[in-house]
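Derivation of every value follows stated rules applied to the coordinates shown; laboratory data play no part. Everything quoted here is computed from the prediction, not taken from an experiment. Ideal geometry is used to build each Cβ from the backbone, glycine not excepted, and the neighbour counts take in all protein chains shown.
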Amino acid sequence: MSHLDELRSAADGVLADHLPDDAEPPAGLDRAAWDSLAGHGFTGLNAGVGIGGGGGTLADAAEVVEAAALVAVPAGEALFLAVPLLDLAGIKLPDGVLTAAAVAGGRIDAEGVHGEIRDVPWLASSDTVIVLSETGADAQVSVLAVEDFREHVEVVRDLAGQERGNAVLTGVAPAVSAPLPSGAWRRWFDERGALVRAVQIAAGMQSLVDQTTRHVQEREQFGRPLAALQAVQQRLAGIASHAVLTRVAARSALVRVQDGTGDASLAVATAKAEASHLVAPVCAAAHQLHGAIGFTREHRLGAITNRLWTWRDDHGGERVWWTRAGAAAQAAGTGAWALLAGV
């Protein structure tokens, strides 16, 4: 067993009692789950030791994000966005629940952070939001206590009933802020957001495969399990193959981002575009194999498919990322065959 397998097994064990049993919207942020993750060192796993983290890699973090994909905590935002930004800025990892946001049309002055943040997972329920601000060529990371502006947060819900938040920041004083070196940081934020959603979609699809496999093995029709019917086997195989394809694309992009090899932007764009594209056929097939019961709130299937439908469009849907993939491929200037074949 590799250390990644061990990490995943440990994270699964910590979160086993926090997975949804039905499709009812979560009552709120699962702070007990977050505290369990934090207590085992998972919420700062990939933060540098110098800022109070575990010194792990993005691949390590992905194992935790996959395990927590269906749990009502902002693990993806924390480990793929907030923690790396803190690391890059050299800011100590704060305590409590972390989420992350990029300010639209923002600035930082003597009063604090100004600008709008939108569609931030678990914003109102978090303790801290790590904010990326860009003004011209200058970029900064700011640590904002949500308590300082919580009353101004507009709470909305995604398709799974999970909390998102919008807020207009008008001079919110950061607990600490630090500049980033010159770079395309908004693009960095978008790509990291797309990457974490591709990872979560892959995890959700695998949960869908497991759930659907159990259902067709247990459910009987015409005197035998549904799984004995060839048409059902073919449909299930299609779901499983799409899940594997999505995970391979997400992990390939993850490796390129982590190691700085190849065209990471193209890999991320392709992974998110393909993941978003495959959500529809995978969910359709799973619901078809479950029949009417899969559409009820009493059944767990909806907890998975509603999250997949939400993640499909987060940080841009398939059209956005296929367009970016095309632009990245064109910019490579190597020709389509060389790009696809890696020669």
Please report the spacing between the Cα centers of region 142-206 and region 72-99 in Å, no decimals.
10 Å
Most mobile of G136, G41, G165 per a Gaussian network model of the chain (Cα springs, under 10 Å)?
G136
Tell me the label-point distance for the pair R157, S182, using the 7 Å Cα-to-Cβ offset, in nm and rounded to one decimal.
4.8 nm
Taking the convex hull of Cα positions in the chain, its mean projected area over all directions (nm²)
18.5 nm²
Listing W311, W188 by rising number of other beta-carbon atoms within 10 angstrom, fewest first, gives W188, W311
Find the Cα radius of gyration of region 151-197, compare it with 2.2 N^0.38 Å by division, and give the number to two decimals.
1.54
Across region 20-31, in residue order, what do the Karplus-derived ³J(HN,Hα) couplings come to in whole Hz, using 6.51 cos²θ - 1.76 cosθ + 1.60 with θ = phi - 60° and x for Gly and Pro?
x, 9, 8, 9, 5, x, x, 5, x, 4, 8, 5
Using a Förster radius of 25 Å, what is the FRET efficiency between E116 and A332 based on their Cβ-Cβ separation? Nearest 0.05, please.
0.15
Taking R0 as 56 Å and r as the Cβ-Cβ distance between T261 and F222, the FRET efficiency 1/(1 + (r/R0)^6), rounded to the nearest 0.05, comes to 0.60
Quick one: which residues, 5 or more positions from V176 or on another chain, have an amide H under 5 Å from its amide H? H modelled 1.01 Å from N in the peptide plane, none for Pro or chain starts.
V143
Which far-off residues, 5 or more places away or on another chain, put their amide H under 5 Å from the one on A47, with H placed in the peptide plane?
G54, G55, G56
Based only on other Cβ atoms within 10 Å, what is the fewest-to-most ordering of K92, K272?
K92, K272
Contour excess over end-to-end distance, with Cα ends at E298 and A280 and 0.36 nm allotted per residue:
4.3 nm
Running a GNM on the chain with Cα contacts under 10 Å, which residue among A271, A249, A202 ends up with the highest mean-square fluctuation?
A249
Along the charge dipole of the chain, which of L81, A292, L226 sits closest to the positive end, that is, farthest toward it, with unit charges on the beta carbon of Lys, Arg, Asp and Glu (+1, +1, -1, -1)?
L226
For the chain, the longest principal axis of the Cα atoms and the Cα long axis of helix 3-15 enclose an angle in degrees, to the nearest 10, of 90 degrees
Region 185-332 - Rg (one decimal) and Dmax (whole number), Cα, Å:
17.0, 59
Please give the FRET efficiency for A173 paired with D5, using the beta carbon to beta carbon distance and R0 = 45 Å, rounded to the nearest 0.05.
0.55
Karplus couplings for region 305-322 from phi (6.51 cos²θ - 1.76 cosθ + 1.60, θ = phi - 60°), rounded to Hz, Gly and Pro as x?
5, 5, 5, 4, 5, 5, 5, 3, 9, 4, 6, x, x, 5, 5, 4, 7, 5
Give me T270, T57, T212 ranked fewest to most by other Cβ atoms within 10 Å of their Cβ, as a rough exposure proxy.
T57, T270, T212
Specify, per residue and in Å³, the volume enclosed by the convex hull of the alpha carbon atoms belonging to region 3-180.
107 Å³
Can you tell me, using C-alpha contacts under 8 Å and at least 6 residues apart, the relative contact order of the chain as a whole percent?
16 percent
Short version: ³J(HN,Hα) in whole Hz for each residue of region 75-87, in order, from phi by Karplus 6.51 cos²θ - 1.76 cosθ + 1.60 (θ = phi - 60°), x for Gly and Pro, what are they?
5, x, 5, 5, 7, 9, 10, 5, 4, x, 5, 4, 4
Treating the beta-carbon of each Lys and Arg as +1 and of each Asp and Glu as -1, no other charges, what is the dipole magnitude of the chain about its Cα centre, to the nearest 20 debye?
1120 debye
Rounded to the nearest 500 deg cm²/dmol, what is the calculated helix-only ellipticity per residue at 222 nm for the chain, with -39500 (n - 2.57) per DSSP H run of length n ≥ 4?
-16000 deg cm²/dmol
